[in-house]
Every structure is written in structure tokens, then in C-alpha cells.
Amino acid sequence: MPIYPKHDVAVFFQAHSTTLAKILKMHNRDEKEWNAYMTARERVLIREAREKK
């Protein structure tokens, strides 16, 4: 499966520590695209795990 396509995404963060941040605001289109990509990746990983059994 290809990697997530590179493009600029405007995101507003709130820092909780030097290594952890919470996303406060993100465009709906970018959020939907990211969620769809992650869902597809998870499906691929589940299929690969089942094939190894």
C-alpha cells in the first residue's frame, strides 16, 4: 500500500509536554482523508496478520 501522499495540512496544536501535543483544529477534508488512509492501512495490516497464521 502506498504511503500517505505528501501535502500541506493546517493543524492547530496544544502542547502538553516537549514530546506530546493535542490536535485542536484541523480542516474536515484533511481529517476525512487521514481517517480513510488509516482505515485502509489497518485493513492491510489485519489481512497480512491473518495470512501469516
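Checking every residue in the stretch 20-31 against the condition of being more than 12 Å from the chain's Cα centre (by Cα), without any contact (Cβ under 8 Å) to a residue 12 or more places away in the chain and part of a loop (DSSP other than H, G, I, E, B) gives at least one match. In the stretch 6-14 there is at least one residue matching the filter, namely being small (G, A, S) and exposed (fewer than 10 other Cβ atoms within 10 Å of the Cβ).
Every residue, every condition in (1) modelled with pLDDT under 90; (2) surrounded by 10 or more Cβ atoms within 10 Å (Cβ to Cβ), yes or no:
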| residue | (1), (2) |
| --- | --- |
| T18 | no, no |
| A21 | no, yes |
| E33 | yes, yes |
| Y37 | yes, yes |
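The values are calculated or read from the model by the stated rules, or taken from the named source; none is laboratory data. Owing to the predicted nature of the structure, the values given are computational and were not obtained by experimental measurement. We place every Cβ from the backbone using ideal geometry, glycine too, and count neighbours over all the protein chains shown.
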